[in-house]
């Protein structure tokens, strides 16, 4: 009887575990198997390669540049999303009547499909006919057209801005939801003790938001590290690999160079990097949840 009660929770979890094994476990294992073979569509044979595919992608001269781009893309992107998302949520929370209209406007970028967003900003970033250059020159901010997505110096920052513009509404939504349950009694006590808003924000509101910030950070970091359509639609990793990230180069190895073995190896390397980057977030998230339970 006691054994049955211990097994019962796992029986309810069994359907979801089977689905995860089919749709997550099998592709990862299959990709891992491919990474140990010279799986090139230009060759009929597929000899066992061992770890040579991993050594090949890690020793590739492009790998340090691509890894740097990926970390900068994710780090700067998630940091800007977090700062602007929390700021907008706090501002909206301070309003009363205009709050619902502000929420609707801010959420619009999140509702636009990714490819539509990429094509829209690609047109606006055009050096000769783009509206952004037109406005900058019309306002006298610059005298020459800026090559937003055609120059190695400005292409990655421009795409980080677009990705943040699209992802800030998600942060705004999550933080706004968490602010509905903020500790009003603690805030009122702090005000009665003479604490100003920055002190209340730092010592009361942000600690209350920390579990939500951690969980949202995990999600947006994973999404940003694996984001593909914006970069591919606008620059395809160029110019000169200035915007090439791990997902972009993995795709190119497979479908441009037909080298599925190296592409699978790079995909496994990417999986390890994503896991290493997200572990601190996950640990903080669970620690925050455990503190709340106590």
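Please state which one of 75, 85 is closer than 27 Å to residue 213 by Cβ and touching a residue at least 12 places away in the same chain (Cβ under 8 Å). Give the derivation first.
Values: 75 fails: touching a residue at least 12 places away in the same chain (Cβ under 8 Å).
Answer to the check: 85.
All but one of (1) out of contact with any strand residue (DSSP E or B) (no Cβ under 7 Å at 6 or more places or on another chain); (2) assigned to a loop (DSSP other than H, G, I, E, B) hold for residue 46, so report the exception by its number.
Looking at each condition in turn, residue 46 falls short on (1).
One line per residue, one yes/no per condition, for (1) surrounded by fewer than 21 Cβ atoms within 10 Å (Cβ to Cβ); (2) under 22 Å from the mean Cα position of the chain (by Cα):
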| position | (1), (2) |
| --- | --- |
| 243 | no, yes |
| 246 | no, yes |
| 249 | no, yes |
| 261 | no, no |
| 266 | no, yes |
| 269 | yes, yes |
| 273 | yes, yes |
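Return a yes/no flag: does region 215-227 have any residue that is part of a loop (DSSP other than H, G, I, E, B) and under 21 Å from residue 118 (Cα atoms).
Checked region 215-227: at least one residue is part of a loop (DSSP other than H, G, I, E, B) and under 21 Å from residue 118 (Cα atoms).
Pull up region 131-152, narrow it to residues that are touching a residue at least 12 places away in the same chain (Cβ under 8 Å) and not in a helix (DSSP H, G or I), then point me to the one that is nearest to residue 241 (Cα to Cα). Give the derivation first.
Of all residues in region 131-152, those touching a residue at least 12 places away in the same chain (Cβ under 8 Å) come to 132-133, 145-152.
Subset that is not in a helix (DSSP H, G or I): 145-152.
Details: 145: 22, 146: 19, 147: 16, 148: 15, 149: 12, 150: 11, 151: 11, 152: 8 Å.
Out of the qualifying residues, it is 152.
Name the residue, out of 90, 58, 22, that is in contact (Cβ under 8 Å) with a residue 60 or more places away in the chain, assigned to a helix (DSSP H, G or I) and exposed (fewer than 15 other Cβ atoms within 10 Å of the Cβ).
Exactly one residue qualifies, and that residue is 58.
So how many residues does region 256-277 have that are out of contact with any helix residue (DSSP H, G or I) (no Cβ under 9 Å at 6 or more places or on another chain) and either assigned to a helix (DSSP H, G or I) or at pLDDT 90 or above (or both)? Quick ask: steps written out before the conclusion?
Pass one, region 256-277, residues out of contact with any helix residue (DSSP H, G or I) (no Cβ under 9 Å at 6 or more places or on another chain): 256, 258, 272, 275-276.
Imposing the further condition that a residue be either assigned to a helix (DSSP H, G or I) or at pLDDT 90 or above (or both) reduces the set to 272, 275-276.
Of the residues in that region, 3 qualify.
State whether one or more residues within region 45-52 are touching a residue at least 60 places away in the same chain (Cβ under 8 Å) and closer than 27 Å to residue 245 by Cα.
Yes - at least one qualifying residue is present in region 45-52.
A quick yes/no check of all residues on (1) within 19 Å of the chain's Cα centre (by Cα); (2) loosely packed, with under 13 Cβ neighbours inside 10 Å:
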{"residue": "16", "(1), (2)": "no, yes"}
{"residue": "46", "(1), (2)": "no, no"}
{"residue": "49", "(1), (2)": "no, no"}
{"residue": "73", "(1), (2)": "yes, no"}
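From (1) surrounded by fewer than 17 Cβ atoms within 10 Å (Cβ to Cβ); (2) within 29 Å of residue 210 (Cβ to Cβ); (3) more than 16 Å from the chain's Cα centre (by Cα), pick out the condition that doesn't hold for residue 175.
Unmet condition: (1).
Please tell me if residue 68 is surrounded by fewer than 15 Cβ atoms within 10 Å (Cβ to Cβ) and touching a residue at least 24 places away in the same chain (Cβ under 8 Å).
No; evaluated as a whole, the condition is false for this residue.
Does region 181-193 contain at least one residue that is at pLDDT 90 or above, part of a helix (DSSP H, G or I), buried (at least 16 other Cβ atoms within 10 Å of the Cβ) and touching a helix residue (DSSP H, G or I) at 6+ places or on another chain (Cβ under 9 Å)? Outline the logic, then answer.
Let us first name the residues in region 181-193 that are at pLDDT 90 or above, namely none.
The answer is no; no qualifying residue exists.
Please go through region 124-139 and give me each residue that is surrounded by fewer than 15 Cβ atoms within 10 Å (Cβ to Cβ), out of contact with any helix residue (DSSP H, G or I) (no Cβ under 8 Å at 6 or more places or on another chain) and at pLDDT 85 or above, ordered by number.
Within region 124-139, 134, 135, 137, 138, 139 qualify.
Condition test on residue 102, is it within 25 Å of residue 242 (Cβ to Cβ) and either surrounded by 18 or more Cβ atoms within 10 Å (Cβ to Cβ) or over 16 Å from the mean Cα position of the chain (by Cα) (or both)? Steps first, answer last, please.
On the way: within 25 Å of residue 242 (Cβ to Cβ): no; either surrounded by 18 or more Cβ atoms within 10 Å (Cβ to Cβ) or over 16 Å from the mean Cα position of the chain (by Cα) (or both): yes.
Answer is no for this residue.
What residue, among those in region 219-231 that are buried (at least 19 other Cβ atoms within 10 Å of the Cβ) and either modelled with pLDDT of 90 or more or in contact with a helix residue (DSSP H, G or I) (Cβ under 6 Å, 6 or more places away or on another chain) (or both), is nearest to residue 54 (Cα to Cα)? Show your work before the answer.
To start, the set of residues in region 219-231 that are buried (at least 19 other Cβ atoms within 10 Å of the Cβ) comprises 220-221, 224-225, 227, 230-231.
Imposing the further condition that a residue be either modelled with pLDDT of 90 or more or in contact with a helix residue (DSSP H, G or I) (Cβ under 6 Å, 6 or more places away or on another chain) (or both) reduces the set to 220-221, 224-225, 230-231.
Values: 220: 27, 221: 24, 224: 24, 225: 20, 230: 27, 231: 25 Å.
Ranking the qualifying residues of region 219-231, first place goes to 225.
The values are calculated or read from the model by the stated rules, or taken from the named source; none is laboratory data. Computed from a prediction, not measured in an experiment: that's the story for all the values here. Cβ sites come from the backbone with ideal geometry, for glycine too, and all protein chains shown count toward neighbours.
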